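Here, each number is a calculation from the coordinates, and none is a lab measurement. Just so it is clear, the model here is predicted, and its values are computed rather than measured. Virtual Cβ from ideal backbone geometry, glycine too; neighbours counted across all protein chains shown.
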Amino acid sequence: MGCMNILSGYAKNNHQPQLDAINLLVLNLMPNRAETEHQIISLLKRTPHNFNVTFCRMKSHHIKHFDSEIIAKYVSLADIRDQHFDALLVTGAPIDQKQFTDIDYWDEFKTFLDWRKTHVNTSLFSCWAAWAAGTVDEVLTGVPVTDKIYGVYTTNGITMPHSRYFKIPQTSVKADVLAGNDEIGATVIFDQQTKSYYVTGHFEYGTTTLANEYFRDVKNGLQTAEPKNYFDQNQHPHNTWNADATKFYRHWLNQFATTAQN
C-alpha cells in the first residue's frame, strides 16, 4: 500500500502534493460523497502506488443536501483548469432514468470532458458516467431499460457490481469491448483514441453497498427485485469482486500514469 495524499474532499489530509505520486482527479457525482470517497480510497489503497487525490464537483449542480459544505470541500473545474493529471476517475450517479439534457450540469459535464482531452493522460468512467461520456465521445450508444440491471455479474472473467437502468449493446460500440454479454451489454470498453475506459459497473462498491440500497428501497415500499448473484440463502452479501477491482485499477494506472510503479 502506498501513501494517500488527499488534497480536497471530506477525507482531505494534506495541502501539498507528493512528487513521486500519481496525480488522480476524481469527479465525484454520487449523492453520498463521503461514502463514495471512502470506497474509492479503500480501492486505491489496495494498489502499491502513491497518490495525490483531488476530489472535484460540478459547479453548476444544485446539491440538495450539504450544499455549502460540499462547495467548501470540493474543487471545481475553474480551480484546476490549468493543472494536468495522470488519471481521471468519474463516478456514476443515480440519474440514468433522466434525459441527458434534463441534468442540470450536462453542459458543464461536456465542457469537462473536452478539457480532460488535453489535461489528463487517461480516464475511467463508471456506470452512468460511462454511458454519458461514451455518448459525448461518440464511442458507444446506450439504451434505457425498464428492468434494472442489478447485482453482481461476471463477464469475460471480470466480476463487478451493477446498479443501472441502461444497457450498452455490444454491437453499438465503436471501440474495443473488453467484457460484456448479450444479457447486460458491454461492461468494459476501451477507446485508444481518448485513452479512456468506460465501465458500466462499480468496481469501488463495498461489500454492503448493494445490500444497503436494496433494503432501503424495500423499507420505502418500492417493488425491488433482489440483486442477483449477491446474497446467500440468509440474505448475507458476499464480496466476489475485490480481487478483480484491484487487478483492473493496477492495470489501468500502470498503462498510463507516468509515475506508476509495478
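For the reader, a short list of remarks on this structure follows.
- Amide H contacts of residue 124: 88, 89, 90, 197, each under 5 Å away and 5 or more positions distant or on a separate chain (H built 1.01 Å from N in the peptide plane; Pro and chain starts excluded).
- DSSP beta bridge pairing in the chain, given as percent antiparallel to the nearest 5: 45 percent
- Its residues counted as N, the range 22-101 yields a C-alpha radius of gyration over 2.2 N^0.38 Å of 1.15.
- Applying 1/(1 + (r/R0)^6) with r as the Cβ-Cβ distance of residue 45 and residue 215 and R0 = 25 angstrom yields a FRET efficiency of 0.40.
- Within the range 167-231, the proportion of C-alpha pairs whose separation exceeds 21 Å stands at 42%.
- Relative to the longest principal axis of the Cα atoms of the chain, the long axis of helix 33-44 lies at roughly 80 degrees.
- Debye intensity ratio I(q)/I(0), log10, the range 7-49, q values 0.20, 0.21, 0.25, 0.27 Å⁻¹ (C-alpha model): -0.71, -0.79, -1.07, -1.20
- Part-to-part distance (alpha-carbon centres) for the range 128-199 and the range 203-228, which is given in Å: 21 Å
- P(r) of the range 121-207 over all Cα-Cα pairs, binned every 10 Å from zero, in whole percent: 19, 58, 22, 1
- Average silhouette area of the chain, convex hull of alpha-carbon atoms, in square nanometres: 13.7 nm²
- Dipole magnitude of the range 56-127, debye to nearest 20 (Cβ charges: Lys/Arg +1, Asp/Glu -1, about Cα centre): 80 debye
- Between residue 229 and residue 84, residue separation times 0.36 nm minus the direct Cα-Cα distance comes to 48.2 nm.
- Summing Cβ point charges (Lys, Arg +1; Asp, Glu -1) relative to the Cα centre of the chain gives a dipole of roughly 340 debye.
- Look at the dipole of the chain built from charges on Cβ: of 3, 52, 248, the Cα furthest out on the positive end belongs to 3.
- For the chain, the 222 nm mean residue ellipticity estimated from helices alone, with every DSSP H stretch of n ≥ 4 adding -39500 (n - 2.57) and the total spread over all residues, rounds to -8000 deg cm²/dmol.
- Protection-proxy order for peptides 224-234, 127-137, each taking the mean of Cβ atoms within 10 Å per residue, highest first: 127-137, 224-234
- Cα-Cα over 31 Å, subset of 59/219; 12/59; 73/167; 12/167; 110/148; 12/110: 59/219; 73/167; 12/167
- Along the range 202-209 the Karplus relation, 6.51 cos²θ - 1.76 cosθ + 1.60 evaluated at θ = phi - 60°, assigns HN-Hα couplings of 10, 4, 7, 4, x, 4, 9, 4 Hz to successive residues, with x for each Gly and Pro.
- Trypsin sites (Lys or Arg not before Pro) within the range 62-166, DSSP loop, no more than 10 other Cβ atoms inside 10 Å: 64, 81
- Remark: the range 168-180, residue by residue, has Karplus-estimated 3J(HN,Hα) of 10, x, 4, 6, 8, 8, 9, 10, 8, 8, 8, 7, x Hz, where x stands for each Gly or Pro and the curve is 6.51 cos²θ - 1.76 cosθ + 1.60 at θ = phi - 60°.
- Compared with the dominant principal axis of the Cα atoms in the chain, helix 106-119 is inclined by about 50°.
- Using alpha-carbon coordinates, inclination of helix 242-256 to the longest axis of the chain, degrees: 40 degrees
- Ranked list, fewest to most other Cβ atoms within 10 Å of each Cβ, for 191, 147: 147, 191
- Principal axis dimensions, largest first and in whole angstrom, of the range 81-142 by Cα: 33, 20, 19
- Relative to its residue count, the range 115-262 spans a Cα convex hull of 125 Å³ per residue.
- Within the range 46-178, the ratio Rg/Rh, alpha carbon atoms throughout and Rh by Kirkwood, equals 0.96.
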